Amino acid sequence: MYYFLLETNVQMNINELSFEKLLLIILSLLTFIALILLNGFSIKLGEKEINIGGIQRLLAKRDKDTLLKESLKKFSDDIDHEVTANLYDFVEDLEDHMVGPLVMGDHCYFTFEKFTSLIKSELYKRIRRNSLWEKLSDAGRDRYIASILKDIEKRYELLRAKANQVKCGDIYTEFANIRDAIRGVLVKFFDGTTEILIAGMERKIEKYETTKEEFKTSMARKICCDDCIAKNQLRIKKLTGTISGRI
């Protein structure tokens, strides 16, 4: 009986509402739902937390992660440029070690300059190529040095032949006489280049480690930090010879 009366009263009240009031109630309800979707709220059930709505919060997290991602990309690019510059400077420093092979005879400055430029251009060529670290690790020191030495010998023999045709009397010695000395320079190049590359990778890893906790979403943290840390750690292992095979 009471249930019937209650149901009747409610039905009558709704029917008595004007269109304007009914529209206001509907709009208020929609506004409330929209606020929940935008701002959201959390419910804690023991150790678990359930998040409902919160589009603005999610967008804010995404925007912050995007800024962090762009910042890390710029940092990584800056490190790559710095590493490349260091490699070029290192080759210039190696020029002092190129004196030995050529002092087996009396040479003028221009002859020496041509000789060192030949070697440096071959080393610069390696630096300009993509995935230098991969070529160093895949070939290994002996194979990598042998490859450069072979290219240098070809160019040296052409230079020697041209020098023999001029009248200045400045003669380059046979390559066999300087092969070991040149190999020594290339050993220094291989070892120094490896150290420079590893130093750059270690700086990247350090930055990723200190930044990863700032990411708001786990997916962005994994892609921008965890995966990059693992990638650089694997590259270092390949360069140091503690792991073999391609990535």
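Being free of Cβ contacts under 8 Å to residues at least 24 places away in the same chain, of a type in the set (Lys, Arg) and either surrounded by 15 or more Cβ atoms within 10 Å (Cβ to Cβ) or closer than 30 Å to Ile152 by Cα (or both): is that true of Lys212 here?
Spelling it out, Lys212 is indeed free of Cβ contacts under 8 Å to residues at least 24 places away in the same chain, of a type in the set (Lys, Arg) and either surrounded by 15 or more Cβ atoms within 10 Å (Cβ to Cβ) or closer than 30 Å to Ile152 by Cα (or both).
Just to confirm my filter: which helices (runs of 4 or more DSSP H) fall fully inside the range 86-174 and include at least 1 residues that are at pLDDT 90 or above?
109-128, 132-165
The values are calculated or read from the model by the stated rules, or taken from the named source; none is laboratory data. These figures come from a predicted structure and were not determined experimentally. Cβ: placed from backbone, ideal geometry, glycine included. Neighbour counts: every protein chain shown.
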